[in-house]
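Structure, as structure tokens:
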């Protein structure tokens, strides 16, 4: 910092050295001025020492504002513009005014953006609820005609529509997911079973069986978002299961107290080089797993929600041998810490 | 049993009415959404189904109005899924909250459970069923004949119970699978076939091997021998 300061004041220092040198030159050349050599040495020393003291003093005064600014930057606190240091010099004053104005502009702009986003989210949410009325009417009509095979086809298409609409609602809520948490002790198997029932018509249409393994495991979690994750993994499993296939859902508690639920399908599996990318946005997989209904959104959303809840999602698969998706829940301690941190 | 449905979407109202009437309920609705309470007082229903978003006043308002004069079971039916809405509905004295879109069977089951609790309506299923001189013990999941007891798996027992409940009528495979799914037994076609075959083998042990008949392409029948 001091070197920077010296560098900035280079011209002043050079001018001082030149002035001192010039005076020495005149004293040496001008015969009319008779001064002892030791006297010349003495006043030169005096000038240099006092100049260094002067430099140090000015350095302290002139860099006070800049130093305060940089320490503020390092701390990176919110509302930095309130904590801006006082100024001594007019150019620091201008810098400060400029900063304040920029901050004000920025906050105005961002609050406007936020308003627009909230408005849009509200609009989507109300639209989704609006859509649910005709969806309900359709469902009632479909339920009346269950014996008719044509209606069974319509029912599984209806289900897809319903799932997409529900997914949209969840997306618009994703931003405020933390405000939405209702944490309770829940039975994993019951949750999964309720989700499987939601997909009943689709599974029956594809002639898929779902088997449960493992005992009833209880975890502390938010039911709605946990079901959201399960639904994404389940729809994926159903989507890629061959007709007449079996999906296995197993729950377990590891010795370390970690609860997990895994969903295994006997579909074509995922190629090893695709595995790391299945949770990426827009990833729809290579040949064999390509599906025209795949948006590459489901697993990405599941992963996003899981990350916010402290849940880990893992995938295991060998080509041709099905896929296992595992939901690993945080232990009670981890979850508490996560909630406390907010 | 009289059910009062406050729902402003005509398509949903008509379908629900049709479905509930099939189950021999009487269904009425308010004449005027501005004054639901008067219609309610005239109809004196045994159960109320309330939508939240309604013209004039919302469902919460009518729930409070009804609760002020009656203890009738109230079920909310709404597309809103926020926990706040459910909490609010329950606080206002609702007995259940069902989200749109709902499965008609689930709704019916919930309504029947509510009515049963409130009015002890509908007979409880008997514990023991007699079929072809054999006793089916619903509680223990066994079938007994002439002192020989055969134990059935849960799936096998459920299939037998469904078939016997509509004795001498064809129950289609689809219907069976659907009923199994409703009971949280998520089986597919193959599993059903395997289960029915096993069931038949077990029934043969007590001489009832011929009592479950396969109707090709239609389904199964439990016949009275």
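So that you can scan it fast, the table gives a plain yes or no per residue for (1) assigned to a helix (DSSP H, G or I); (2) facing chain B (nearest Cβ under 10 Å); (3) free of Cβ contacts under 8 Å to residues at least 40 places away in the same chain; (4) surrounded by fewer than 19 Cβ atoms within 10 Å (Cβ to Cβ):
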site	(1), (2), (3), (4)
A:168	yes, no, no, yes
A:172	yes, no, no, yes
A:194	yes, yes, yes, yes
A:197	yes, yes, yes, yes
A:202	yes, no, no, no
A:221	no, no, no, no
A:226	yes, no, no, no
A:235	yes, no, no, no
A:242	no, no, yes, yes
- Query: When residues of region A:304-320 are filtered for being touching a helix residue (DSSP H, G or I) at 6+ places or on another chain (Cβ under 8 Å) and either modelled with pLDDT of 90 or more or in a helix (DSSP H, G or I) (or both), how many remain?
  - Reply: 9
- Consider residue B:98 against the criteria (1) modelled with pLDDT of 90 or more; (2) in a helix (DSSP H, G or I); (3) surrounded by fewer than 18 Cβ atoms within 10 Å (Cβ to Cβ): it satisfies all of them except one. Which criterion is unmet? (2)
- Examine region B:170-186 for a residue that is more than 28 Å from residue A:234 (Cβ to Cβ) and more than 11 Å from chain A (Cβ to nearest Cβ), and state whether such a residue exists. yes
- Message: Looking only at region A:244-258, filter to residues that are in contact with a helix residue (DSSP H, G or I) (Cβ under 7 Å, 6 or more places away or on another chain) and assigned to a strand (DSSP E or B); which one of those is farthest from the other protein chains (Cβ to nearest Cβ)?
- Response: A:251
- Residue hits (region A:130-146; more than 8 Å from chain B (Cβ to nearest Cβ) and not in a helix (DSSP H, G or I)) are A:145
- Count, please, the residues in region B:183-196 that happen to be without any contact (Cβ under 8 Å) to a residue 24 or more places away in the chain and either buried (at least 17 other Cβ atoms within 10 Å of the Cβ) or not in a helix (DSSP H, G or I) (or both). 3
- Considering only residues of region A:52-89 that are in a helix (DSSP H, G or I) and touching a helix residue (DSSP H, G or I) at 6+ places or on another chain (Cβ under 6 Å), which is modelled with the lowest pLDDT? A:65
- Out of the residues in region B:73-94 that are touching a strand residue (DSSP E or B) at 6+ places or on another chain (Cβ under 6 Å) and more than 14 Å from chain A (Cβ to nearest Cβ), state the one that is farthest from residue B:44 (Cα to Cα). B:89
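Test residue A:211 against the criterion of being part of a strand (DSSP E or B) and touching a residue at least 12 places away in the same chain (Cβ under 8 Å), and give yes or no. It would help to see each step written out before you state the result.
Working: part of a strand (DSSP E or B): yes; touching a residue at least 12 places away in the same chain (Cβ under 8 Å): yes.
Considered against the rule, which asks whether it is part of a strand (DSSP E or B) and touching a residue at least 12 places away in the same chain (Cβ under 8 Å), residue A:211 comes out as yes.
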- Task: Please specify each residue of region A:174-192 satisfying the condition of being away from chain B (no Cβ under 11 Å), modelled with pLDDT of 90 or more and in a helix (DSSP H, G or I).
- Result: A:188, A:191
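Determine whether residue B:180 is under 16 Å from residue A:210 (Cβ atoms) and buried (at least 18 other Cβ atoms within 10 Å of the Cβ). Let's see the steps before the verdict.
On the way: under 16 Å from residue A:210 (Cβ atoms): yes; buried (at least 18 other Cβ atoms within 10 Å of the Cβ): yes.
Spelling it out, residue B:180 is indeed under 16 Å from residue A:210 (Cβ atoms) and buried (at least 18 other Cβ atoms within 10 Å of the Cβ).
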- Residue ID - nearest to the chain's Cα centre (by Cα), chosen from residues in region B:197-225 that are under 30 Å from residue A:195 (Cβ atoms) and surrounded by fewer than 20 Cβ atoms within 10 Å (Cβ to Cβ): B:219
- Do we have residue B:160 as surrounded by 19 or more Cβ atoms within 10 Å (Cβ to Cβ), under 20 Å from the mean Cα position of the chain (by Cα) and over 30 Å from residue B:93 (Cα atoms) here? yes
- Residues that are farther than 28 Å from residue A:208 by Cα and touching a strand residue (DSSP E or B) at 6+ places or on another chain (Cβ under 9 Å), drawn from region B:139-166: B:139, B:140, B:142, B:143, B:144, B:145, B:146, B:149, B:150
- Message: Looking at region A:1-28, I want the residues that are under 16 Å from residue A:67 (Cβ atoms) and have a partner that is modelled with pLDDT under 90 and surrounded by 11 or more Cβ atoms within 10 Å (Cβ to Cβ) with Cβ atoms under 8 Å, at least 6 apart or on another chain. Which pairs are those?
- Response: A:1/A:63; A:1/A:67; A:5/A:62; A:5/A:63
- Message: Checking the structure you have, find out if any residue of region A:114-121 is within 14 Å of chain B (Cβ to nearest Cβ), surrounded by 13 or more Cβ atoms within 10 Å (Cβ to Cβ) and within 34 Å of the chain's Cα centre (by Cα).
- Response: yes
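Give the residues of region B:1-54 that are in a strand (DSSP E or B), under 21 Å from residue B:117 (Cβ atoms) and in contact with a helix residue (DSSP H, G or I) (Cβ under 8 Å, 6 or more places away or on another chain), sorted by residue number.
Taking region B:1-54 as the starting set, the residues that turn out to be in a strand (DSSP E or B) are B:2-6, B:26-28, B:47-51.
Add one more test, that the residue is under 21 Å from residue B:117 (Cβ atoms), and what stays is B:2-5, B:26-27, B:47-50.
Selection gives B:2, B:3, B:4, B:5, B:27, B:47, B:48, B:49, B:50.
The values are calculated or read from the model by the stated rules, or taken from the named source; none is laboratory data. Just so we're clear, the structure is a prediction, and the values are computed from it rather than from any experiment. Cβ: placed from backbone, ideal geometry, glycine included. Neighbour counts: every protein chain shown.
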